[in-house]
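Asker: First the structure, then my questions, so here it is.
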Amino acid sequence: MGKYKIADTPAGLKTLIFIHSENSREIKLHSAYNPQVEAERAVESFKAGRSSLLIVTGLALGYHVDYLKQKFRNHIIIIIEKDPEVIDLVKTYNQDILKNIYVINSASDFPEIFEKIDITMIRGVSSYIHRPSYMLDQEFYNARLKDIKEYISSRVSDLLTRFEFEENWIRHIFRNVHHIYSSTPVSGLFGRFKGMPGIIVSAGPSLKKNVKLLNDIRDKALIVCVDTALKVLQNYNVVPHIVMTLDSQKYSLKHFLGLMDSKAVLMADIVSYPRLIESYKGEKILSTTSKFYNDGKGNSRRETTPVWDWMEKYTEPIGDIQSGGSVATSVFDLLLNLGCGSIILMGQDLAYTGREIHCSGTYHNDDWVPGLSRFRNLETINQNVIRKRKIKYIEAYRGREKVISDFVFDIYRFWFRESAGKVCIPVINATEGGARIENTIEKTFEEILRSIEKPSRTPDEILKSCLNKYSIVKNSKTLSDGLEEAIKELLDVQKKSQSALDNISGKRDEEIVGLISSSGIEKLIVPFLRKTFVYLARNPDLPQQKASELLISDIIASIKKLIPMLEQCRNTL
């Protein structure tokens, strides 16, 4: 700990000095004579290799940052600075330094900053160490450097996941869309639970502590569980009001094995695995995942699931739910949209409490049971899984001790921490285990039970009235006509693309892209070409004819996949 002092130098510039509070020792963060010359020489000898992202440890007064910006004009530059006071000093004495760069103070800054960075264009990371700043707290800077690299790795993994599953999402949308004519749109529930507590039930190891108490609060609060937790609740004879599922993969069926006739209302994202929605015998609510953000110009933007923005031209909106990457984060946004007066977390460990991965009773345990022996028990299996993760120790619930977590859990912990700090209703952590989540109120579930009164209308009564309102089958002719028109346009583009490929020329791909942009099918076909666009952007030196051939070939291949999807969808309406 210490304080900072601004001092003048013989060169007529300012320098920054850190004074230790313990021994009053002074550490100069720049030259005491000419900070600019010092910074220029240091930056001149630094090489960033082939990277496109430059991370700088320590801001000080930013002289080194100024020269880095000049030398690496095409790089994305991120500054790690531990002390907010230093950032404020730069804003006072050298504000222009902060233009067109990003400053990180903690890992919670990552989501907002990386939202503005095109992760597809990052080609490697290099680090510039501002040694005087770095030496003040090496542990902090090393940790943030590691966190940034892991976060980028996670985002790249998300991007690859999108490339891998986006086509699947689109296929599922076309297979599921006919359900919107017989199911309740989630927007029909928005604002209907005003003031009522909402409970997010997740499948963390601590769920078993209080799961049986859910029946005592069922008439007082809306209970929404993630799909992973449904089996656990079933084992304790607890029926949630709503079970939410988002996953498009086949294994999501395992959460519902033996539970397809559950009395809980199924809330499914439009990309969910089709057989799950088809097989579930109870009431259904449909939603779509969208992201709302401000672009670089400050304009509000909405990014939908691929092709859903096209679909909305021909259907009524079903309602958007924002997601932070997990089902639990989507439930959080759902409860906000429903108008709940408070949000209660249960089973939201975000840690390996008791060295377990999930609460016992989930399908994961069911899968492991056949392989158990006296040499291989559940504890051994959990331990082996945890050992493969990049674990870290963080503060536990109520600050009693440390608990094992990992980087992915930490991202979600930051998400809940930031979300709890931004909303205007209390967020209560009644998990009674796992990680401490800042900005939440820690209470036992029994304390919550004693403090909540029974409302004038129960959650079941409100939910039933919402479902009855949308029980009439709607007309699908508008969508059917839209599908028919899209098929004709796709066939036209396919024919012209094939002609262009047979008579390839340098600019022919631009003509085809222009044809797509001017037609009504752009929002249908662009998601299939995303991987190609990224590849071409990352390889600008590719010969023009080869780039054209690649793009046009992928357009033709995409259309061949799309047309059967649209035809199948039309036939189910």
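Computed from the coordinates by the stated procedures, all read-outs in this text should not be read as laboratory data. Every value quoted in this text rests on a predicted model; they were computed, and no experiment measured them. Every residue, glycine among them, receives a Cβ derived from its backbone with ideal geometry; neighbour counts consider all protein chains shown.
Asker: In whole Hz and in residue order, list the ³J(HN,Hα) couplings for the range 33-42 that follow from phi through the Karplus curve 6.51 cos²θ - 1.76 cosθ + 1.60, θ = phi - 60°; x for Gly and Pro.
Answerer: So the Karplus estimates, Gly and Pro as x, are 10, 9, x, 5, 4, 4, 5, 4, 5, 5 Hz.
Asker: Same structure again: Quick check: the distance between the Cα centres of the range 420-460 and the range 92-130, to the nearest angstrom?
Answerer: So the two Cα centres are separated by 35 Å.
Asker: Taking H placed 1.01 Å from N in the peptide plane, check which residues at least 5 places from residue 79 or on another chain put their amide H under 5 Å from its amide H.
Answerer: Residues meeting the criterion, in which the H sits 1.01 Å from N, are 56, 102, 103, 104.
Asker: Can you compute the modelled spin-label distance between residue 519 and residue 281, with each label point 7 Å from Cα toward Cβ, in nm?
Answerer: Between residue 519 and residue 281, the simple spin-label model gives 4.6 nm.
Asker: Hey, another quick one. Place the peptides 74-84, 481-491, 539-549 in order of packing, highest mean first, counting for every residue the other Cβ atoms within 10 Å and averaging per peptide.
Answerer: 74-84, 481-491, 539-549
Asker: Could you work out how far the C-alpha centroid of the range 262-278 sits from that of the range 1-60, in angstrom?
Answerer: The range 262-278 and the range 1-60 have Cα centres separated by 57 Å.
Asker: Next question. Can you bin the range 475-572 into rounded, prolate or oblate? Criterion: square roots of the alpha carbon gyration tensor eigenvalues sorted a ≥ b ≥ c, rounded for a/c under 1.5, prolate for a/b above b/c, oblate for the rest.
Answerer: Since a/c reaches 1.5 and a/b is larger than b/c, the shape of the range 475-572 is classed as prolate.
Asker: Moving to a separate point now. Would you please give the residues with an amide H less than 5 Å from that of residue 265, counting only those at least 5 places away or on a separate chain, with H modeled from the backbone geometry?
Answerer: Residues meeting the criterion, in which the H sits 1.01 Å from N, are 242, 243.
Asker: Right, here's the next one. Express as a percent, rounded to the nearest 5, the fraction of DSSP beta bridges in the chain (both residues included) that run antiparallel. Don't skip to the end; give the middle numbers.
Answerer: On the way: 22 of 64 bridges.
DSSP beta bridges in the chain are roughly 35 percent antiparallel.
Asker: May I pose another question? Between residue 100 and residue 538, how high is the FRET efficiency from 1/(1 + (r/R0)^6) when r is the Cβ-Cβ distance and R₀ = 22 Å? Nearest 0.05.
Answerer: Efficiency, from the Cβ-Cβ distance: 0.50.
Asker: Tell me, what is the percent relative contact order of the chain, built from C-alpha pairs under 8 Å that lie six or more residues apart?
Answerer: Working: 929 pairs, mean separation 75.9, N = 573.
Worked out over the chain, it gives 13 percent.
Asker: On to the next question. Find the percent of Cα-Cα distances in the range 104-186 that exceed 22 Å, and round it to a whole number. Intermediate values should be presented prior to the final figure.
Answerer: On the way: 1698 of 3403 pairs.
Value for the range 104-186 (Cα pairs over 22 Å): 50 percent.
Asker: In vacuo Debye scattering of the range 2-150, one point per C-alpha: log10 I(q)/I(0) at q = 0.11, 0.15 Å⁻¹?
Answerer: Debye intensities relative to I(0), on a log10 scale: -0.41, -0.76.
Asker: Please give the peptides 33-42, 88-97 ranked by average Cβ packing (other Cβ atoms within 10 Å per residue), highest first, as a rough proxy for protection.
Answerer: Per-residue Cβ counts within 10 Å, averaged per peptide and sorted highest first, yield 33-42, 88-97.
Asker: Which whole-Hz couplings ³J(HN,Hα) result when phi for each residue of the range 254-271 is put into the Karplus expression 6.51 cos²θ - 1.76 cosθ + 1.60, θ = phi - 60°, listed in order with x for Gly and Pro?
Answerer: 4, 5, 10, 4, x, 10, 5, 9, 4, 7, 5, 7, 7, 10, 10, 5, 4, 9
Asker: Right, next: Counting residues in the range 50-127 as N, plug N into 2.2 N^0.38 Å and put the Cα Rg over that result. Walk me through the intermediate numbers first.
Answerer: Values: Rg = 12.2 Å, N = 78, 2.2 N^0.38 = 11.5 Å.
Cα-based Rg divided by the globular estimate yields 1.06.
Asker: Kirkwood Rh, the chain, all Cα pairs: how many Å?
Answerer: Result for the chain, one decimal place: 27.0 Å.
Asker: Quick check: residue separation of residue 461 and residue 491 times 0.36 nm, minus the Cα distance between them. What number comes out in nm? Don't skip to the answer; put the middle values down first.
Answerer: Values: separation 30, 0.36 × 30 = 10.80 nm, distance 4.97 nm.
Computed gain between residue 461 and residue 491 is 5.8 nm.
Asker: Hey, another quick one. Which whole-Hz couplings ³J(HN,Hα) result when phi for each residue of the range 407-421 is put into the Karplus expression 6.51 cos²θ - 1.76 cosθ + 1.60, θ = phi - 60°, listed in order with x for Gly and Pro?
Answerer: Going residue by residue, I get 5, 5, 4, 5, 4, 5, 4, 4, 4, 5, 4, 5, 5, 5, x Hz, with x marking Gly and Pro.
Asker: log₁₀ I(q)/I(0) of the range 232-319 at q = 0.12, 0.15, 0.25, 0.26 Å⁻¹, via Debye over equal Cα point scatterers, no solvent, to two decimals?
Answerer: -0.47, -0.66, -1.26, -1.32
Asker: Using a simple spin-label model with points 7 Å from Cα along the Cα→Cβ vector, what separation in nm is obtained for residue 194 and residue 22?
Answerer: Computed distance between label sites residue 194 and residue 22 equals 5.8 nm.
Asker: Can you work out the PRE-style zone for residue 441? Point 7 Å along Cα to Cβ, and I want the residues of the range 186-220 with backbone N under 17 Å.
Answerer: From the range 186-220, the list is 195-200.
Asker: Just for the range 2-150, what percent of DSSP beta bridges are antiparallel, to the closest 5?
Answerer: 45 percent
Asker: Also: Taking +1 at the Cβ of each Lys and Arg and -1 at the Cβ of each Asp and Glu, which of 270, 178, 201 sits farthest along the dipole of the range 174-303 towards its positive end, judged by Cα position relative to the Cα centre?
Answerer: Sorting the options by dipole projection puts first 201.
Asker: Right, something else. Would you mind putting 224-235, 205-216 in packing order, based on average other-beta-carbon counts within 10 Å, highest first? Please list the in-between numbers first.
Answerer: Values: 224-235: 25.0, 205-216: 19.7.
In decreasing order of mean packing, 224-235, 205-216 become 224-235, 205-216.
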